[in-house]
2 protein chains.
Amino acid sequence: MTETRKTFTRAPAGERREALIRATLALMAEVGPAAATVRAIAERAGISQGMIRHYFQTKEDLIGAAYEWHMRGLTGATDAAAGPVGGSARQQLARFVAAALTPPVIDAQAMSLWAGFIHMVLRDPRMRAVHERTYRHFRDRLQDLIDAALREAGRPAPPALARRHAIACNAVLDGLWLEGCALPEAFGPGELTGIGLTAVAAILDLDLAAAGAPSTKAGTA
Amino acid sequence: MTETRKTFTRAPAGERREALIRATLALMAEVGPAAATVRAIAERAGISQGMIRHYFQTKEDLIGAAYEWHMRGLTGATDAAAGPVGGSARQQLARFVAAALTPPVIDAQAMSLWAGFIHMVLRDPRMRAVHERTYRHFRDRLQDLIDAALREAGRPAPPALARRHAIACNAVLDGLWLEGCALPEAFGPGELTGIGLTAVAAILDLDLAAAGAPSTKAGTA
DNA sequence: TGCGCAATCATGCAAGCGTATAATTTCTGC
DNA sequence: GCAGAAATTATACGCTTGCATGATTGCGCA
């Protein structure tokens, strides 16, 4: 007659934390930020709602951890595409640009998720720190690639100019990312990548056409 | 002994609707999206909470109306700055760029507000329609200015190219807008405008330096 | 002036929220 | 194989939420 509890197995702390973070992100992305309630998150993670408070001091802490996780994933995907290996600096830059404008980085849910977080950046110092770090990391990576490409072309840029180049190119990527995510059907296949490469090339006065994107009109086979 | 009710005066419907919309935006911007509850909104508007349901079928309707209002204000501010009057096409374009990268368009709360809305764009068709219309309007305006500036320079662009130019320049503005709003202290005074003008100029292969922004190093008085 | 309608206010309700706590279960070390 | 600690479940609490309803009040129109 005793109502039986759900049986369970213990898991390492990291695993549980990750499960909760993934569940949070999935709910926010699929249904919207408001859907990420402690109950829904716990259910999605397959554990009881008490676990949230067991692994995070407060729900806000969990949200913060999820934000960091998401941004790390987003910049990581672009980073990886440029790769430490392979090709000229120009080609690496082109690959970086193309990666930033192609799935999985271009993704409506990823943007929705990002937007759902961003308002916290203005209010929570910890969130702000994550934002600042992520942004800087991405831009620095871009600046390094730009620097290398310009040096390769025999036109090394002084630091101040390199910084301005990086900010401008970063803006192009951010802007196209936004538009590509929010209105995917407004652009033809490969169009975003093409425009991104052209714009970055124009800003740097550097030819990137032949370099990276397999989806542009491409060269002769 | 009878507890006395709050006295009130009747107001035209439009006025009440506007008051509710303004209150919604103010709360979302200042405190965050979650703070815009029916009770808080009504209090801020100085009326009782029943009025929300009296003027809007549901809270979601109010949010939708507020979104439309906000976006109209944002694009309107940039539009106005370029102005129907005055100067060469090049100068108008430069003013447009500068306006998009200067307060009140560059504003942390405006961006936070925008982000708070954006996740609804993916789910609510009406919100999506507003987003699409706003985006298109802004980009078309930009494309017209670009078109005129290129014609003026004796290099008219075929439609397909003009479209690509508009998309790229729009991305620059969007990206710089984001970064300028989210990390205002990361840029020096006038730096955003300077970078924006330079980038747009590079993309269009057009000199905009002397044209528009009073905050760049500027000409002799 | 006074009637009637619609605008406005006040209050109530069920549901859902984040958090707290106590009861159970699993697992480790001896 | 057993004791104790830690992980996990289950449930309760106080609050807030969006929405509904009924009482009241201001105001145009005769």
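For residue A:75, the solvent-accessible surface computed with a 1.4 Å probe is close to 20 Å², ligands and nucleic acids excluded. Need one number: buried accessible surface between chains A and B, 1.4 Å probe, both sides summed, DNA, RNA and ligands left out, in Å² to 100. Approximately 3700 Å², summed over both chains. Across the range B:130-172, the residues whose backbone nitrogen lies under 18 Å from the label position 7 Å along the beta-carbon direction of residue A:185 are B:130-137. Placing R0 at 60 angstrom, the Cβ-Cβ distance between residue A:22 and residue B:18 gives a FRET efficiency of 0.90 after rounding to 0.05.
When only Cα pairs under 8 Å and 6 or more residues apart are kept, what is the percent relative contact order across chain A? Across chain A, relative contact order equals 20 percent.
Taking every residue in A:135-143 and counting other chain Cβ atoms within 10 Å of its Cβ, the average works out to 1.
Ignoring trypsin sites (Lys or Arg not before Pro) that are buried or in helix or strand per DSSP, and keeping those with at most 13 other beta carbon atoms within 10 Å, what is the longest stretch of chain A between them? Longest site-free region, per DSSP loop and neighbour criteria: A:11-122. Among B:88, B:112, the order of accessible area from largest down is B:88, B:112, computed with a 1.4 Å probe on protein heavy atoms.
With both labels modelled 7 Å from their Cα along Cα-to-Cβ, the residue B:207 to residue A:207 distance reads 2.6 nm.
Mean separation of Cα pairs under 8 Å and 6 or more residues apart, divided by the residue count, gives the range B:60-155 a relative contact order of 37 percent.
For chain B, hydrophobic long helices are taken as DSSP H runs at least 18 Å long by C-alpha position along their axis with mean Kyte-Doolittle hydropathy of -1.0 or more; these are B:13-30, B:59-82, B:108-121, B:159-182, B:191-204. Per-atom-type breakdown for the range B:1-92 gives carbon and sulfur 53% of the accessible area (1.4 Å probe, protein chains only). Of the residues making up the range B:99-124, those losing 30 Å² or more of accessible area when the isolated chain is joined by the remaining protein chains, with a 1.4 Å probe, are B:111, B:112, B:114, B:115, B:118, B:119, B:122, B:123. Take the protein assembly as shown with all the other protein chains still there, run a 1.4 Å probe, and you get 49 Å² of accessible area per residue. Distance between the C-alpha centres of the range A:136-159 and the range B:33-61: 51 Å, rounded to the whole angstrom. Reducing the range A:108-131 and the range B:90-124 to their Cα centroids gives an inter-centroid distance of 17 Å. Here's the list of aspartates and glutamates a cross-link from residue A:6 could span, going by alpha-carbon distance under 14 Å and ignoring same-chain residues fewer than 8 apart: A:43.
The values are calculated or read from the model by the stated rules, or taken from the named source; none is laboratory data. What you see is a predicted model; the values in this text were computed from it and never measured. Backbone-built Cβ (ideal geometry, glycine too); neighbour counts: all protein chains shown. To get the accessible areas, we keep the full protein, side chains included, count just its heavy atoms, and leave off ligands, DNA and RNA. Shrake-Rupley method; radii C 1.70, N 1.55, O 1.52, S 1.80 Å.
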